[in-house]
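This report concerns only the one structure given below.
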Amino acid sequence: MLRKILIANRGEIAVRIIRACAEMGIRSVAIYADADRHALHVKKADEAHSIGADPVAGYLDIHRIVNLAAQTGCDAIHPGYGFLSENGDFAAACRARGLAFIGPGAEVIRRMGDKTEARLAMQQAGIPVTPGSDGNLDNLDHALAVAATLGYPVMLKATSGGGGRGIRRCDSPEDLSRNYDRVISEATKAFGSAEVFLEKCIIEPRHIEVQILADRHGNTIHLFERDCSIQRRNQKLIEIAPSPQLSAEQRAHIGALAVRAARAVNYENAGTVEFLLDADGEFYFMEMNTRIQVEHTITESITGVDIVEEQIRIAAGLPLRYAQDEIAIRGFALQFRINAEDPKNGFLPSFGRITRYYAPGGPGVRTDSAIYTGYAVPPYYDSMLAKVIVWALTWDDAVARSRRALNDVAVFGIKTTIPYYLQILDSPVFRSGVFNTGFVDANPQLVNYSNKRRPEEIAAVLAVAIAAHTGN
Ligand code: ADP
Ligand code: ADP
Ligand code: MG
């Protein structure tokens, strides 16, 4: 078994991994930028080391992190999600230093991180893939020609994209022409790659993804699916396991597809295969995430499997402890991403000191968070501060318990998305359990949606907050 793990991340996921280490008797090493000196992961880890003054650069500094892990006597690195988690060079650098990388091999990360390569690999494995371009687009004319054969609307997507960014729906050739350069420049800035491709826009899509676990000994299993259809701007807000809108046949079908997909690329460790389900009940492969996901928690709630612990065991070379037929679903779980954003003001980011924080509790309620009373939320990072995870035996009970749990939370000093989630929980469509990714846009009455904010406005708010923070 591993003895000491460096966690190359911050926020709630770093805390989550530190907790798994503590339960397994493994020492944990946190890293932190100066802006994170008072962050919870720094307090919770057995050791914490500075990675410099820049708020972000240190978390992305492969050599510095790998050196630090070696110097502090670690035998493994857990990358969490975001940051270096889907960086094949990072996985390779860990292994070159004799450190276990808690995730799949560098080659698989690179191949699946490239969405056009991943589509190709899946097509070869006989997995249905969303119709789209054969590989990346050469130029706008190429894009227009492909779109004409696919038929509008189409999705223009960054090949290296993630986190819901670098995706634009185009309803006409004019729309595509307008967006083409925009998406390229967005992709270059955010992901350091100008590659883009096209997919047919799936109508009334449900986002259904399957959690996979695979060990080094040839065992690959799935832990059933999550429904992440409640999204805003292609970003997940509420996740549900299992999907309340799948039949038993569809559940068995998609689980088997995901296992086949993982086996086809010799996948190892935890991963997620994302699919879109269209109005006719067809599944299409969308992408594979080669890391722990934000919403792994709800799968833990319905299956009882500790996914982070399994990740660590797999990286230590141990075989899976579960056969497929030992994995069963019990009840329903929902996860609410508590973001520091003001839903009544166009989801503008919100920063500052949390003057009071009370985490919800009671039966079936779990909170994974990185905040505490007195914590000052820095403006440099993801707006997600906490996750409230609710479990109950039936869908209706899970919805009722969710409302109780969200009413139970207290976060003073900053705005959060909780009021918005309380509105969603009262929506008859949501409560029916049947909805697609258009839910948020189709229900503008849920927030003051006329109050939309443009990305430039959000950037301006961020710049002011960063200037104020730096001045402190
Ligand atoms: P999940 O797929 O686990 O639901 P998200 O898509 O919300 O997670 O992404 C989790 C975090 O990882 C976010 O902070 C997001 O910005 C970041 N992220 C995801 N993919 C990428 C990527 N390709 N490049 C950079 N950051 C990414
Ligand atoms: P990311 O890497 O940012 O997670 P994905 O490719 O997983 O990007 O897409 C994110 C979301 O965008 C999906 O969950 C879905 O809501 C929407 N989306 C992506 N591709 C399509 C498509 N072809 N048709 C309809 N919606 C799509
Ligand atoms: Mg995705």
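Numbers for the structure displayed
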| quantity | calculated |
| --- | --- |
| Residues (open to solvent by 60 Å² or more (accessible area, probe 1.4 Å), aliphatic (A, V, I, L, M) and either in a helix (DSSP H, G or I) or within 17 Å of residue 26 (Cα to Cα) (or both)) located in the stretch 49-93 | 60 |
| Residue 22 in contact with a helix residue (DSSP H, G or I) (Cβ under 7 Å, 6 or more places away or on another chain) and at pLDDT 95 or above | no |
| Every residue from the stretch 367-380 that is open to solvent by 30 Å² or more (accessible area, probe 1.4 Å) and touching a helix residue (DSSP H, G or I) at 6+ places or on another chain (Cβ under 7 Å) | 372, 380 |
| Members of the stretch 21-43 found to be surrounded by fewer than 20 Cβ atoms within 10 Å (Cβ to Cβ), in a helix (DSSP H, G or I) and either among the polar types (S, T, N, Q) or touching a residue at least 24 places away in the same chain (Cβ under 8 Å) (or both), listed by number | 23, 24 |
| In the stretch 129-161, the residues that are open to solvent by less than 40 Å² (accessible area, probe 1.4 Å), within 12 Å of ligand 2 (Cβ to nearest atom) and touching a residue at least 60 places away in the same chain (Cβ under 8 Å) | 129, 130, 132, 133 |
| Helices (runs of 4 or more DSSP H) enclosed by the stretch 367-441 - at least 1 residues per element that are small (Gly, Ala, Ser) and under 16 Å from residue 357 (Cα atoms) | 395-408 |
| Pair list, Cβ under 7 Å, 6 or more apart: the stretch 92-112 residue under 20 Å from residue 161 (Cβ atoms), other residue polar (S, T, N, Q) and outside any loop (DSSP other than H, G, I, E, B) | 103/269; 104/269 |
| Those residues of the stretch 321-345 which are surrounded by fewer than 21 Cβ atoms within 10 Å (Cβ to Cβ) and in a loop (DSSP other than H, G, I, E, B), in sequence order | 321, 322, 323, 327, 328, 329, 330, 331 |
| Failed item in (1) open to solvent by 40 Å² or more (accessible area, probe 1.4 Å); (2) of a type in the set (Val, Ile, Thr); (3) under 21 Å from residue 204 (Cα atoms), with residue 464 passing the rest | (3) |
| Residue identified as of a type outside the set (Ser, Thr, Tyr), surrounded by fewer than 19 Cβ atoms within 10 Å (Cβ to Cβ) and closer than 19 Å to residue 276 by Cβ among 98, 126 | 126 |
| For residue 164: the one exception among (1) within 28 Å of residue 347 (Cα to Cα); (2) open to solvent by less than 50 Å² (accessible area, probe 1.4 Å); (3) in a strand (DSSP E or B) | (3) |
| Candidates 238, 292, 302 - the one that is under 19 Å from the mean Cα position of the chain (by Cα), more than 13 Å from ligand 3 (Cβ to nearest atom) and closer than 28 Å to residue 444 by Cα | 238 |
| Residue satisfying all of: in the stretch 403-431; within 21 Å of the chain's Cα centre (by Cα) and among the polar types (S, T, N, Q); surrounded by the fewest Cβ atoms within 10 Å (Cβ to Cβ) among these | 416 |
| Of all residues in the stretch 185-213 being closer than 17 Å to residue 132 by Cβ and open to solvent by 30 Å² or more (accessible area, probe 1.4 Å), the one that is farthest from ligand 2 (Cβ to nearest atom) | 195 |
| Leading residue by the ranking (farthest from ligand 2 (Cβ to nearest atom)) among those in the stretch 214-238 that are farther than 20 Å from residue 438 by Cβ and assigned to a loop (DSSP other than H, G, I, E, B) | 217 |
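One line per residue, one yes/no per condition, for (1) within 28 Å of residue 75 (Cβ to Cβ); (2) open to solvent by 30 Å² or more (accessible area, probe 1.4 Å); (3) at pLDDT 95 or above; (4) within 16 Å of ligand 1 (Cβ to nearest atom):
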{"site": "240", "(1), (2), (3), (4)": "no, no, yes, yes"}
{"site": "259", "(1), (2), (3), (4)": "no, no, yes, no"}
{"site": "269", "(1), (2), (3), (4)": "yes, no, yes, yes"}
{"site": "296", "(1), (2), (3), (4)": "yes, no, yes, yes"}
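The values are calculated or read from the model by the stated rules, or taken from the named source; none is laboratory data. Note that the structure is a prediction, hence the values are computed from the model and not measured. Backbone-built Cβ (ideal geometry, glycine too); neighbour counts: all protein chains shown. In case anyone asks, the SASA skips ligands and DNA or RNA and just uses the protein heavy atoms, side chains included. Shrake-Rupley method; radii C 1.70, N 1.55, O 1.52, S 1.80 Å.
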